[in-house]
Every structure is written in structure tokens, then in C-alpha cells.
Amino acid sequence: MPDEALESHIAHLIEMFALDGFEVNPKRHRDSYQVDPELKKLHLKVDPLQDVFILETSEGTGLGIRAHHKTATNYQTGEKKRAFYLEGTPLQRGFLVGLMAHRSVERMAVDFVDNLSASMLSPNNPSRLLLIIIDLIVRLLFPKWIREIKKDIEPAALSMFESEIEGIWKGCRAVNRLTKVRKWRLWAINAGFDGLLAHVYTRILP
């Protein structure tokens, strides 16, 4: 897509967000995101005010836009609610999610996974020792559950999911090399709990 067409496309998308009460800071730095096709060995300095992300790889151009609602806020954090728009290959889209929402992804992949596991196993204020035991159980069991779940996914869909999760993980690592986000945790968010509960409710173990 030529530069002028891309600029027009971005402007149109920002207008569409505005119709729903969202605003976008159009600041962007193209040169920072011209990366190799497999998105390896990256560490990008991301401007926190940046909301438009243009990703150039050998696969083409990926586009990510982060919009903030003018009035609606998250009840728990007080932060403005956000919406995202993505274009590109599954790997590019995942990478852009990691760039634009690393902290949110990390909260979901770490805090949500651990806390939900704890509340499922011990809903009444578990002790620190029990939390450690639950953490070990989660680390040991979820990778196994996920391997079983993958066997039931169509190969084409599985390839797409794996590419997108790979991209999210790499996007988070590009922002923070010490991120706690792991690929198995991303699978746990997207399929792990559903798979686990399906086996619990049906009493059919893999």
C-alpha cells in the first residue's frame, strides 16, 4: 500500500474510532519497526504516547492502532478503556499486540492465569504455601493440557494460532526482555482453561 494510501487509510480508521467515542494519538515512528521477517533478537524502545504502529517485514506491512475511550474507564484500574485495530499476518498481528499492550498481556498471562487457578482450587484466601503448590501444579499440568488440546485443532487453524501466539510473545519481549509472558501461558488464556473445564465437566480425561 503506497504511503499516501496508507496515511489516508489510517486517518479513516481514526475517524471510525472517533465515532464510537475513542481517540488516537497519531504519533508514530516508522523507522523503529522495520524488522526481519521472523522478528528475532528485537528490543524496541516504544514511545508510551504512540498509538499508531507500522510494522515492515519481508511479509509486507502490518498495522496496529490503539485507541482510548474519551470517558469510559476500567472500574478496577481507573484507566481509560482501550480498543485495538490490527492488520497483517498472524505473526505480525500478534507482534503488534505485544508492542501495544505488553502490560495488559502480562497481567492476563501471569496474574489472571495464576489467580484463576488458585481460586478454582482454593477459593477462600489460600495460604502462601498453597499458592506455591498451585503455581507448581499450573506449570506442570498446563503444558500437558495444551499439547492435548492442540491435537484436536485443525492443522491450518493451529498454524495460525501458533504464529499469532509466537508474535505476541516476541512483541512483549521486544518491549521488555524480562517479561514474564510465556507462550504456554498465552495458550492457557486462549484455550487452556476451556480445555481443562471441558474435561472436568465431561469427566473424560485426555
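Brief remarks on what is shown
- Residue ID - surrounded by the most Cβ atoms within 10 Å (Cβ to Cβ), chosen from residues in the range 139-193 that are of a type in the set (Asp, Glu) and farther than 13 Å from Leu91 by Cβ: Glu148
- Taking every residue in the range 1-24 that is closer than 15 Å to His68 by Cβ and pairing it with any residue that is among the aromatic types (Phe, Trp, Tyr) and surrounded by 12 or more Cβ atoms within 10 Å (Cβ to Cβ), at least 6 positions away or on another chain, the pairs with Cβ-Cβ distances below 8 Å are Leu13/Tyr85; Phe17/Tyr85; Glu23/Phe17; Val24/Phe17.
- Test result for Ala198, over 25 Å from Val46 (Cβ atoms) and either part of a loop (DSSP other than H, G, I, E, B) or modelled with pLDDT under 80 (or both): yes
- In the range 29-76, the residues that are at positive phi and either modelled with pLDDT of 85 or more or surrounded by 14 or more Cβ atoms within 10 Å (Cβ to Cβ) (or both): Leu39
- The number of residues in the range 77-102 being of a type in the set (Ser, Thr, Tyr) and either surrounded by 20 or more Cβ atoms within 10 Å (Cβ to Cβ) or modelled with pLDDT of 95 or more (or both) comes to 1.
- Residues of the range 103-117 satisfying the condition of being among the hydrophobic types (A, V, I, L, M, F, W, C) and either exposed (fewer than 14 other Cβ atoms within 10 Å of the Cβ) or at pLDDT below 80 (or both): Phe112, Val113, Leu116
The rows are residues; the columns are (1) in a loop (DSSP other than H, G, I, E, B); (2) of a type in the set (A, V, I, L, M, F, W, C); (3) modelled with pLDDT under 85.
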{"position": "Ser119", "(1), (2), (3)": "no, no, yes"}
{"position": "Lys144", "(1), (2), (3)": "no, no, yes"}
{"position": "Gly167", "(1), (2), (3)": "no, no, no"}
{"position": "Ile189", "(1), (2), (3)": "no, yes, yes"}
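The values are calculated or read from the model by the stated rules, or taken from the named source; none is laboratory data. Values in this document were obtained by computation on a predicted structure and should not be read as measured data. Note that each Cβ is placed from the backbone with ideal geometry, even for glycine, and that neighbours are counted across all protein chains shown.
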